[in-house]
């Protein structure tokens, strides 16, 4: 319902994760002003975390993507994103950073293979 509500109200594609058992929503919110924005985080086994930022949340590109090294491309649902090894030892996937609409998946306590798997399993909702 959360993702569907956002998808029907915005002009960009919303992505919903498909996570294994043991993952729970930690916090989630969306705003429709200024093009719309979605932010949601999950907590999983061993205290691992996974979060998504989607929409018009970082249109100027300043400080939006975690610092680190690009590791090539990887799937973000049906989009192609940039895999980033962050400077704090975690991983992220960024799509269209600095554009009016962009997407970011970040992990904390997850290895590269898991981040790639979670990114590939994202499902487009609406639009």
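The values are calculated or read from the model by the stated rules, or taken from the named source; none is laboratory data. Everything numeric here is computed off the predicted structure, so don't read it as measured data. Cβ coordinates were reconstructed from backbone atoms using ideal geometry, including for glycine residues, and neighbour counts include every protein chain displayed.
Observations on the structure shown:
- Within segment 54-64, not a single residue is over 20 Å from residue 33 (Cβ atoms) and either touching a residue at least 40 places away in the same chain (Cβ under 8 Å) or outside any loop (DSSP other than H, G, I, E, B) (or both).
- Scan of segment 53-93 for residues that are within 15 Å of residue 13 (Cα to Cα) and within 11 Å of the chain's Cα centre (by Cα), ordered by number: 53, 54, 55, 76, 77, 81
- Odd one out for residue 85, checked against (1) closer than 19 Å to residue 122 by Cβ; (2) at pLDDT 95 or above; (3) surrounded by 16 or more Cβ atoms within 10 Å (Cβ to Cβ); (4) touching a strand residue (DSSP E or B) at 6+ places or on another chain (Cβ under 6 Å): (1)
- Residues in segment 24-47 that are surrounded by 17 or more Cβ atoms within 10 Å (Cβ to Cβ) and either modelled with pLDDT under 95 or farther than 18 Å from residue 90 by Cβ (or both): 30, 36, 37, 38.
- Residue 50 vs. criteria more than 13 Å from the chain's Cα centre (by Cα), under 20 Å from residue 124 (Cβ atoms) and surrounded by 15 or more Cβ atoms within 10 Å (Cβ to Cβ): no
- When residues of segment 9-22 are limited to those that are under 17 Å from residue 120 (Cα atoms) and under 15 Å from the mean Cα position of the chain (by Cα), the one surrounded by the most Cβ atoms within 10 Å (Cβ to Cβ): 14
- Meets criteria (assigned to a strand (DSSP E or B) and over 25 Å from residue 6 (Cβ atoms)) for residue 73: yes
- Scope segment 96-127; condition assigned to a strand (DSSP E or B) and either in contact with a helix residue (DSSP H, G or I) (Cβ under 7 Å, 6 or more places away or on another chain) or modelled with pLDDT under 95 (or both); matching residues: 102, 105, 107, 125
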